[in-house]
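**Student:** If you scroll down you'll find the structure; I have some questions about it.
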Amino acid sequence: QVQLVESGGGLVQPGGSLRLSCSASGFTTLDGYTTGWFRQVPGKDREREGLSIITSDGTTVYGDSAKGRFTISRDNAKGATDLQMNSLKPEDTAVYYCAAVFGVPPLRPGINQYEFDIWGQGTQVTVSS
């Protein structure tokens, strides 16, 4: 069974940066998979907000909240998908999840969590002074 594990979350001051990492196990390569990062505030958000996705050949899509501040990258051989987050704001506070699906979902605005069927357990990011 493929597993995803997020790491790199924590407490950061407004304007600071964090780099989240998503490590995949259960397969030797991410070739053929699309991976992405989502976030959700427990008790507030009914759905997980799509931040960014990246295909196996490097095509990227960014949600409005992430565009210009966050950068997604991946290493297919290592099975890792990272999210570099800069200029963090208090409203970025949430649980951040990585996700994967085999193939390529529609590459359009409005990243849909239901297009992904493999999920990590989440890592907390808190932006506060």
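The values are calculated or read from the model by the stated rules, or taken from the named source; none is laboratory data. Quick caveat, the model's predicted, so the values are computed rather than measured. Note that we place each Cβ from the backbone using ideal geometry, even for glycine, and neighbour counts take in every protein chain shown. Ligands, DNA and RNA are stripped out before the accessible areas are found, and what is left, the full protein with its side chains, is counted by its heavy atoms. Shrake-Rupley method; radii C 1.70, N 1.55, O 1.52, S 1.80 Å.
**Student:** What part of the accessible area of the chain, given as a whole %, is carbon or sulfur when the probe is 1.4 angstrom?
**Tutor:** 47 percent
**Student:** Any chance you could look up the accessible area of residue 39 with a 1.4 Å probe, heavy atoms only, rounded to 10 Å²?
**Tutor:** Residue 39 has an accessible surface of roughly 20 Å² with all protein chains in place.
**Student:** So, one more: With a cut-off of at most 15 other beta carbons within 10 Å, and DSSP calling the residue loop, which GluC sites (Glu not before Pro) in the stretch 1-100 qualify? Please list them.
**Tutor:** 47
**Student:** For the stretch 1-76, list log₁₀ I(q)/I(0) at each q in 0.17, 0.22, 0.28 Å⁻¹, using the Debye formula over Cα point scatterers of equal strength and ignoring solvent, two decimals each.
**Tutor:** Listed by q, the Debye log ratios stand at -0.78, -1.21, -1.45.
**Student:** In whole Å, what is the distance between the alpha-carbon centres of the stretch 1-30 and the stretch 38-104?
**Tutor:** So the separation of the two Cα centres works out to 10 Å.
**Student:** Let me ask another. Looking at the chain, I'd like the Rg to Rh ratio, where Rg is from alpha-carbon atoms and Rh is Kirkwood's inverse mean 1/r.
**Tutor:** 0.94
**Student:** Contour minus end-to-end for residue 46 and residue 101, with contour as 0.36 nm per residue of separation and end-to-end as the Cα-Cα distance?
**Tutor:** Full extension from residue 46 to residue 101 adds 17.7 nm.
**Student:** Starting from the Cα gyration tensor of the stretch 75-114, take the square roots of the eigenvalues, sort them a ≥ b ≥ c, and report rounded, prolate or oblate (rounded when a/c is under 1.5, otherwise prolate if a/b is larger than b/c, else oblate).
**Tutor:** Oblate shape, in that a/c is at least 1.5 and b/c is the bigger or equal ratio.
**Student:** If you count only protein heavy atoms with a 1.4 Å probe, what accessible area per residue comes out for the chain, rounded to a whole Å²?
**Tutor:** Per-residue accessible area for the chain comes out at 51 Å².
**Student:** Quick check: residue separation of residue 31 and residue 73 times 0.36 nm, minus the Cα distance between them. What number comes out in nm?
**Tutor:** Gain in length upon complete extension: 13.7 nm.
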